[in-house]
Amino acid sequence: VARGLGDVSEFRRDPISGAWVIVAPERNRRPQPSRRKGAGSPAPRFDPDCPFCPGNEAMLPTIIEESAGDAPPGWLTRVVTNKYPALSPDDGPPAAMEQAGLRMSGYGFHEVIIETARHDGDLSTLDAPGLDAIVHTYHRRFADLAGRTGIRAVVVFRNHGRRGGASLTHPHAQAIATALMPPRLADVVERAHAYHARNGQCLMCAELALELSLARRIVEVSKDFVVLVPYAAAAPCEMWIVPRRHQASFAEAHDGELVELARVLQRTLRRLNTVIGDAPYNFAIESVATPGADSQHWRLCIMPRIAEPGGFELGSGLAINPSSPEDDAEALRLAPA
Ligand SMILES: [Zn+2]
Ligand SMILES: [Zn+2]
């Protein structure tokens with residue numbers, strides 16, 4: 001399969017989600033890091049007004065769990081209920097849709113994963129024990145929430161930078177468990193299911209094999225993970241971290257894979273920092289809640305937030321990526337990690 005790009009625009013379709021994008025590399029080049037550096041003053045180690053800093057527990061709602069650390073304050077990660085939850089378990093799992101399928105009670109869980117006690121910490125610079133604790137916490141929260149009655153999907157995600165949607169500076173991720181199957185995940189599941197029914201194999205495993213053979217969009221290959229820029233990347237330097245072993249749900253990742261994922265994620269964020277500077281980004285683990293399916297295969301998606309979507313995106317649902325996925329992959333591959 002020839003998949004390439006010259007200096008002309010093209011429509012590309014993501015084989016996993018089915019979403020179309022416009023890749024228009026002559027429209028605008030990838031932003032240079034020099035333009036992005038020096039945004040604001042560095043954060044302090046401790047902020048007396050920050051609810052996530054140690055000692056400020058009175059500002060927190062319920063503490064759900066902590067992972068223990070040797071040094072003060074005695075924890076590496078801490079999970080709390082979101083003070084302003086998007087969804088809540090108070091009403092119990094909904095019995096059914098109402099109003100002709102247009103309404104359902106907002107049942108779910110919304111948690112905040114405080115990733116370090118250090119107000120000025122960052123995933124790209126944390127030490128190995130801190131990183132391991134974070135990825136293991138993602139995994140525990142995912143597995144716990146995914147197993148609860150009435151939950152259809154769990155999304156573990158992180159917003160970095162104000163334009164990435166982070167309202168608090170202190171490093172944190174979030175987990176939302178929802179009683180409604182999110183439409184995009186439903187599309188991904190349906191496409192993977194149909195592909196498996198037609199071809200007898202996992203769509204993501206096939207996509208990984210193709211990308212590895214082409215090598216043009218590969219950023220890093222480790223023992224258990226492949227980092228790549230997707231064929232139909234919707235934004236400059238969008239990346240996926242995909243497990244090489246077939247596994248439907250993030251809940252199936254074993255301990256060795258989680259330790260490696262922590263390292264791979266850190267290297268990937270460092271590459272991103274080198275190529276586009278400390279840009280805002282979102283990442284999310286896209287995974288089905290239920291383990292075991294031959295057709296499904298989870299991944300971690302990293303989406304830099306360099307440009308706000310404009311009116312065309314709003315009116316068409318088509319993203320315009322002003323950067324070539326192949327050029328981005330090369331720059332990221334060559335960047336120090
Ligand atoms: Zn803080
Ligand atoms: Zn697979």
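The values are calculated or read from the model by the stated rules, or taken from the named source; none is laboratory data. What you are looking at is a predicted structure, and each value in this text was computed from that prediction instead of being measured. As a convention, Cβ positions derive from the backbone with ideal geometry for all residues, glycine included, and neighbour counts pool all protein chains shown.
Among the candidates Glu220, Glu260, Glu238, Glu211, the residue that is closer than 24 Å to Leu131 by Cα, free of Cβ contacts under 8 Å to residues at least 40 places away in the same chain and away from ligand 1 (no atom under 16 Å from the Cβ) is uniquely Glu260. Of all the criteria given as (1) part of a strand (DSSP E or B); (2) more than 12 Å from ligand 1 (Cβ to nearest atom), the one not satisfied by Arg78 is (2). Among the residues of region 36-67, those that are modelled with pLDDT of 95 or more and more than 16 Å from ligand 1 (Cβ to nearest atom) comprise Ile64, Glu65, Ser67.
Scanning region 97-117 turns up one or more residues that are on the phi < 0 side of the Ramachandran plot, within 16 Å of ligand 1 (Cβ to nearest atom) and either surrounded by fewer than 12 Cβ atoms within 10 Å (Cβ to Cβ) or not aliphatic (A, V, I, L, M) (or both).
Is region 185-208 home to any residue that is out of contact with any His (no Cβ under 7 Å at 6 or more places or on another chain), under 23 Å from Asp327 (Cα atoms) and in contact (Cβ under 8 Å) with a residue 24 or more places away in the chain? Within region 185-208, one or more residues are out of contact with any His (no Cβ under 7 Å at 6 or more places or on another chain), under 23 Å from Asp327 (Cα atoms) and in contact (Cβ under 8 Å) with a residue 24 or more places away in the chain.
Given the criterion within 29 Å of Asp49 (Cβ to Cβ), small (Gly, Ala, Ser) and loosely packed, with under 13 Cβ neighbours inside 10 Å, identify the matching residue among Gly69, Gly74, Gly130. Unique residue meeting the criteria: Gly74. The number of residues in region 300-325 that are surrounded by 22 or more Cβ atoms within 10 Å (Cβ to Cβ) and of a type outside the set (A, V, I, L, M) comes to 5.
Taking region 100-119 as the range and being out of contact with any Asp or Glu (no Cβ under 6 Å at 6 or more places or on another chain), at pLDDT below 95 and part of a loop (DSSP other than H, G, I, E, B) as the test, the residues that pass are Ala100, Gly101, Leu102, Met104, Gly106.
Please find, within region 293-322, the residue that is nearest to ligand 1 (Cβ to nearest atom) out of those that are of a type in the set (S, T, N, Q) and either over 30 Å from Leu258 (Cβ atoms) or part of a strand (DSSP E or B) (or both). Reasoning before the result, please.
Initial filter on region 293-322 (of a type in the set (S, T, N, Q)): 295-296, 316, 321.
From what is left, the residues that are either over 30 Å from Leu258 (Cβ atoms) or part of a strand (DSSP E or B) (or both) are 316, 321.
Details: Ser316: 40, Asn321: 35 Å.
Residue satisfying both the conditions and the ranking: Asn321.
Residues of region 41-64 being outside any loop (DSSP other than H, G, I, E, B) and either in contact with a Lys or Arg (Cβ under 6 Å, 6 or more places away or on another chain) or farther than 19 Å from Ala166 by Cα (or both), which ones?
We begin by selecting, within region 41-64, every residue outside any loop (DSSP other than H, G, I, E, B); these are 57-59, 63-64.
Glu57, Ala58, Ile63, Ile64, listed by residue number.
Residues in region 178-187 that are over 15 Å from the mean Cα position of the chain (by Cα) and either outside any loop (DSSP other than H, G, I, E, B) or within 16 Å of ligand 2 (Cβ to nearest atom) (or both): Thr178, Pro183, Ala186, Asp187.
Does Leu131 fit the bill of being of a type outside the set (D, E, K, R), more than 16 Å from ligand 2 (Cβ to nearest atom) and in contact with a Cys (Cβ under 9 Å, 6 or more places away or on another chain)?
Values: of a type outside the set (D, E, K, R): yes; more than 16 Å from ligand 2 (Cβ to nearest atom): yes; in contact with a Cys (Cβ under 9 Å, 6 or more places away or on another chain): no.
Spelling it out, it is not the case that Leu131 is of a type outside the set (D, E, K, R), more than 16 Å from ligand 2 (Cβ to nearest atom) and in contact with a Cys (Cβ under 9 Å, 6 or more places away or on another chain).
Being more than 15 Å from ligand 1 (Cβ to nearest atom) and either under 12 Å from the mean Cα position of the chain (by Cα) or among the polar types (S, T, N, Q) (or both) is the filter here, so list the residues in region 165-175 that pass it.
Gln174, Ala175 - these are the residues of region 165-175 that are more than 15 Å from ligand 1 (Cβ to nearest atom) and either under 12 Å from the mean Cα position of the chain (by Cα) or among the polar types (S, T, N, Q) (or both).
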